[in-house]
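To start, the structure under review is shown below, and the notes come after it.
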Amino acid sequence: MQMKGMVAIVTGASRGLGKAIALAYAAEGATVVACSRPTSPTGLAGTADDTAAEIRANGGQALGVPCDVTDDAQVQSMVARVMDAYGRIDVLVNNAGLMIINEPFLDIEPHRWDNLMSVNIRGPYLCCRHVLPVMIEEKKGSVVNIGSRMGLELIPGGGTVYSASKAALHMVSYALAEEMQPHNIAVNVLSPGSLRSEGSWQIEWNRRNWDTRIEPSQNGPGAVFLALQSAQTMTGQYVHVDDFGKTWGPGTDSN
């Protein structure tokens, strides 16, 4: 029950990594706000309400909130709803994201580039923009941004736009960590490794190493660890969960 009494917002929590983090937080005693778009653009099953209902069925506390993180009004409304319900926000996990992998640069249409950048960069920006004032008022908090080793190194087939978005998110995290340090707010990056999730399966390139990928739930310990940090303990760091999900820590190599 390391997170008992804490309120945590997890975006993209309808399935995959976001749902796994939401369940891990609930298991540690946190009240979880699961956020996601009402429906998946690719038709995948699961909603924020489904994740919240599963948490409550297991004895935890959770609220499901439909929210498009690229829409400023929806994000503002989501944060206001959380404050009305719980009066505090201790953790924000910016997990919602899109992937374009193994597609030639010249084949990416401008609207698809803009859509991915909007979710992967604008989404975390908007969520932080509306959550951070709450954390500043509380004089503590933890922001966990979901990064990727594709934002650190060139991986053949990794995808120009996805890699660019994650590299940008890493740098936003490091700069924001410095800016938020006087307010005792930690900002760190969790790189989850190659996941075996519903969304990953939709991208054919990801299936080439499917058997060696890890389950999203193996990121639970790392996500909990980062949620418990403050600017006094650890901030501005990149934490990687290895391919087996057994070890994690600041600066852990991707292999």
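Since every read-out is calculated from the coordinates, none of them should be taken as a lab result. What you see is a predicted model, and the numbers here were worked out from it, not measured in a lab. Positions of Cβ are backbone-derived with ideal geometry, glycine not excepted, and every protein chain shown enters the neighbour counts.
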> Where does helix 16-27 land angle-wise versus the long Cα axis of the chain, in degrees 0 to 90, nearest 10?
Replying inline: 30
>> If each DSSP helix of 4+ residues adds -39,500 (n - 2.57) and the sum is divided by the residues in the chain, what number results at 222 nm, nearest 500 deg cm²/dmol?
In response: -11500 deg cm²/dmol
> Quick one: net charge of Asn184's neighbours, Cβ under 10 Å, K/R +1, D/E -1?
Replying inline: +1
>> Using 10 Å bins from zero, what percent of all Cα-Cα pairs in segment 1-143 falls into each bin?
In response: 12, 42, 31, 11, 3
> What FRET efficiency comes out for the pair Ile155/Asp71, r = Cβ-Cβ distance, R0 = 30 Å, nearest 0.05?
Replying inline: 0.45
> What residues have an amide H closer than 5 Å to that of Leu63, excluding those fewer than 5 places away on the same chain, when H is modeled at 1.01 Å from N in the peptide plane?
Replying inline: Val32, Val33, Ala34
> What net charge is computed for the residues neighbouring Asp90, neighbours being all others with C-beta under 10 Å from the C-beta of Asp90, Lys and Arg scored +1, Asp and Glu -1?
Replying inline: +1
> Roughly speaking, what is the stretch gain from Asn58 to Glu137, that is 0.36 nm per residue apart minus the C-alpha to C-alpha distance, in nm to one decimal?
Replying inline: 25.2 nm
>> What is the sum of charges, Lys and Arg at +1 and Asp and Glu at -1, for the other residues whose Cβ falls under 11 Å from the Cβ of Ile100?
In response: -2
>> Just to compare against my own numbers: the Cα pair-distance distribution for segment 30-92, 5 Å bins, whole % per bin, please.
In response: 4, 18, 26, 25, 18, 7, 2
> How much length is gained if the chain between His111 and Arg81 is pulled fully straight, taking 0.36 nm per residue apart and subtracting their Cα-Cα distance, in nm to one decimal?
Replying inline: 7.7 nm
>> What distance in nm lies between label points placed 7 Å from Cα along the C-beta direction at Leu44 and Asn102?
In response: 1.7
> Amide H to amide H under 5 Å from Gly193: which residues, 5+ apart in sequence or cross-chain, H placed 1.01 Å off N in plane?
Replying inline: Arg149, Val241
